[in-house]
Structure formats: structure tokens, C-alpha cells
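Q: Sharing a structure here in C-alpha cells format.
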Amino acid sequence: HQTGYDNIKNGNHMINNEEQPERKLTRNQKRKHDEINHVQTSYAEMDPTTAALEREHEDFTKIKYCDSIVFGNYEIDTWYYSPYPEEYEKCKRLYICEFCLRYMKYARTYINHKAKCEQKMPAGKEIYRHKTVAVYEVDAKEHKIYCQNLCLLAKLFLDHKTLYFDIEPFIMYVLCEVDKDGAHMVGYFSKERVSPDNHNVACILTLPPYQRKGYGKFLIQFSYELSKKDSQVGTPEKPLSDLGKLSYRSYWSWVLLDLLKDLHGTVSIKELSNRTSITEDDIISTLQMLNIVKYWKGQHIICVTPKQVEEHLKSENYRRPLLTVQQEALKWLQKGKRGRPSKKQKSND
């Protein structure tokens, strides 16, 4: 029975059956060991605890059972294993509501759920809206089920993320495209409520159908705009994946080059950090990659001409992103000035 489906792109086959009860698992609360994501490190180089965790993770995630998910108007091929409950994890296809993120085994259940689901946007509160782009802040303490489901969904497309039950220390920022039918999830990033290491991103993902459209760098820029609001410098959790490194290097390069092209006279690394909320270490490594910083007499000196900056900005890797955050559209209070969270939305589980 395919009646009631939207046009689903990139997939033709649908299944009908009955639904089973669900339980939830979560993404990382705190890293007990470093993520090894495309980093070639042998077990011999790790400490015994990390090596044991790595072997356990490798054994546990060798087999990816779920081949695809139906999500909104798309059927999306999955990339990695995600620890859905046992009665769900071996389904070849899962059906996931794009609004409440409830997951289902069967097409019939999915159709019925879509007809009845009253939620047309992420949980939490809208903190950004510009034209058809919106961002929602979702506090895991207030919306635990939604955030757990978000973590399970993200794990299908992120390699080597350690999952824990406790996600309450995290806040999720969900990016959406908005139309007359609701706010459709495009991607998200998470961050710890309090990070002693000034991490402004714990996990970041753009869903496959929306990649290469500028949403990834938009999420990165958004994380730094929040850091600016809090008058802090920020950095993503390390190590980054290969794709993550490219995205961040590209963003950092654009921000720094765009700033340097309008500066006259000298500027210090600390001043750049204060103006951009990028850490001094990330700034130094980026400028070294661009070959416009030298180490002299115990300090880093920026050595660049306007012509060099312009040449770099012409590169496809460092040009202005397709989407940029419009600061006037961001409605978000810095720490210590925030009111009580918006009234918790009705759960869909």
C-alpha cells in the first residue's frame, strides 16, 4: 500500500507490515577515548584501555544491517552501523519521521504516523530564521527522546562515534529548510553545555541529500557565532575526520583571509582570535597551511601582502561560502542571560 507517500527520491521499493515497540540509545556523552576517524593509528600505539575499546567497537560494528532509511521525500543509503534496538537494527530499511524522528519498521506504520503526527518542526525553540533557513536549539534535558533519536540517525552516517545513554550534558542545533509543510531537517551539530576545553562542536552532520549545498559550512559558522555571543573562543572536538578537516580548514581560511584583506598595519594572532572566536592554535595551523605566517624570536608573525590574500580568496577552497549566517536573524542570549527553556513540546513516542 503506497498510497499516502510523498514522492520518495533515490528509492523505489517499499514494504508493508506491522510495528514493534521501541527503545532508545544515545550518542557520546563524554569521550572515554579518542575518536579514531580516518586516523591511521595501530593498536600498539594506543594505551591498553583505548585499544580494548577500539577492538570492541570494531567487532561490534563490522556488519551494517540497515541499508537505507526513508526520511521525508528521500530514501537515503546508510553508511555505517547504528545501535538501534535489537528488533530494529537488522531491518534492511527503516522509516523515520523527519519531524519527530520516531523510527519504524514498516511502511504501513510510517504512512499512518505521517497522517497523525502533529509535529512539523524539531523539538525545542527556533533561534534563527532567514528566508527558508531555520535553526532550532534543542536541549537534551528537555527533549531527551528526540535527541536520542537524532543521535541514532546521525550514527548511520558518522563512523566511529562512541554512544552513551546519558546525553543530558548536550544541546543540539538542528538546521532546517522551511516550507508550507514544515521545517525539514537538513543537518545538525551538538555541543556540550559546559566544555572545559572550549569545544563549540561535539558532533556535526549534514544529511547526504543536502551535502555540497553550503549547509556544512553554515553549521560551522553558526557554532562560531554562538561562541561570539558567549564572548569565548571555540574549537571542534578533535580529531576530525578527513572531511571534517577539509571543511574546517576551508572555513577558517575564508574567515581569516576575509579579515586580513581589509586590515591595514599589523595584527596579532590573539587579535584575530578575539575577533573571530577561533582558537589561536587553529589560527596558527591555518595560516601555516596558507604559508602566510612565520615563527620569529619566539612568536608567530603574519607575513602577507594584499595580493597574496586576493590570490588565496580566488581559490575554490577559500571563497565565500554559499550560505552565511545573517547575524540579525539570530535570536539567542548569551550564558547567564537566557530565560527558561520554551515549554516542552508534546512527545511523539
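The values are calculated or read from the model by the stated rules, or taken from the named source; none is laboratory data. Since we're looking at a predicted model, the values are computed, not measured. As a convention, Cβ positions derive from the backbone with ideal geometry for all residues, glycine included, and neighbour counts pool all protein chains shown. Heavy atoms of the whole protein, side chains included, go into the accessibility calculation; ligands, DNA and RNA do not. Shrake-Rupley method; radii C 1.70, N 1.55, O 1.52, S 1.80 Å.
Q: Do you know which of the residues in the range 91-125 that are farther than 25 Å from Ile171 by Cβ and touching a helix residue (DSSP H, G or I) at 6+ places or on another chain (Cβ under 7 Å) is most open to solvent (accessible area, probe 1.4 Å)?
A: Restricting to residues being farther than 25 Å from Ile171 by Cβ and touching a helix residue (DSSP H, G or I) at 6+ places or on another chain (Cβ under 7 Å), the top hit is Lys105.
Q: If you check Val293, Val304, Val267, which single one turns out to be under 24 Å from Tyr224 (Cβ atoms) and open to solvent by less than 30 Å² (accessible area, probe 1.4 Å)? Full working, then the answer.
A: Values: Val304 fails: open to solvent by less than 30 Å² (accessible area, probe 1.4 Å); Val267 fails: open to solvent by less than 30 Å² (accessible area, probe 1.4 Å).
None of the other options fit; the residue is Val293.
Q: Here's another thing I want to ask about it. So the check is Cβ under 6 Å with 6+ separation or different chains; which pairs have a first residue in the range 215-231 that's more than 21 Å from Arg193 (Cβ to Cβ) and of a type outside the set (A, V, I, L, M, F, W, C) and a second one that's open to solvent by 20 Å² or more (accessible area, probe 1.4 Å) and part of a helix (DSSP H, G or I)?
A: Matching pairs, first to second residue: Gly216/Ser247.
Q: Sort out which residues of the range 293-332 are closer than 15 Å to Asp262 by Cβ, part of a loop (DSSP other than H, G, I, E, B) and at pLDDT 85 or above, and write them in order of number.
A: If the condition is that a residue be closer than 15 Å to Asp262 by Cβ, part of a loop (DSSP other than H, G, I, E, B) and at pLDDT 85 or above, then Arg320 is the only one that fits.
Q: Residue check, Leu287 against (1) closer than 14 Å to Ser250 by Cα; (2) open to solvent by 80 Å² or more (accessible area, probe 1.4 Å); (3) modelled with pLDDT of 90 or more, all met but one. Which one?
A: (2)
Q: Do we have Arg275 as part of a helix (DSSP H, G or I), open to solvent by 100 Å² or more (accessible area, probe 1.4 Å) and not acidic (Asp, Glu) here?
A: The answer is yes for Arg275.
Q: Take the conditions open to solvent by less than 30 Å² (accessible area, probe 1.4 Å), within 21 Å of Ser223 (Cβ to Cβ) and part of a strand (DSSP E or B) and apply them to Tyr128. Does it pass? Let's see the steps before the verdict.
A: Details: open to solvent by less than 30 Å² (accessible area, probe 1.4 Å): yes; within 21 Å of Ser223 (Cβ to Cβ): yes; part of a strand (DSSP E or B): yes.
So Tyr128 fits the description; yes.
Q: A further question on this structure: So, in the range 176-200, how many residues would count as being touching a Pro at 6+ places or on another chain (Cβ under 6 Å) and within 17 Å of Ala154 (Cα to Cα)?
A: Count: 1.
Q: Please work out which residue is surrounded by the most Cβ atoms within 10 Å (Cβ to Cβ), limiting yourself to the range 43-90 and to residues that are in contact with a helix residue (DSSP H, G or I) (Cβ under 9 Å, 6 or more places away or on another chain), of a type in the set (Gly, Ala, Ser) and modelled with pLDDT of 70 or more.
A: Looking at the filtered set, the residue picked out is Ser82.
Q: Where in the range 144-263 are there helices (runs of 4 or more DSSP H), lying fully within it, with 3 or more residues that are touching a helix residue (DSSP H, G or I) at 6+ places or on another chain (Cβ under 8 Å) and either buried (at least 20 other Cβ atoms within 10 Å of the Cβ) or at pLDDT below 95 (or both)?
A: Because the criterion is at least 3 residues that are touching a helix residue (DSSP H, G or I) at 6+ places or on another chain (Cβ under 8 Å) and either buried (at least 20 other Cβ atoms within 10 Å of the Cβ) or at pLDDT below 95 (or both), the helices (runs of 4 or more DSSP H) in the range 144-263 that meet it are 215-229, 242-260.
Q: Please list, ordered by first then second residue, the pairs with beta carbon atoms under 8 Å, 6 or more apart or interchain, first in the range 245-264 and under 15 Å from Ile302 (Cα atoms), second part of a loop (DSSP other than H, G, I, E, B) and charged (D, E, K, R).
A: Asp258/Arg320
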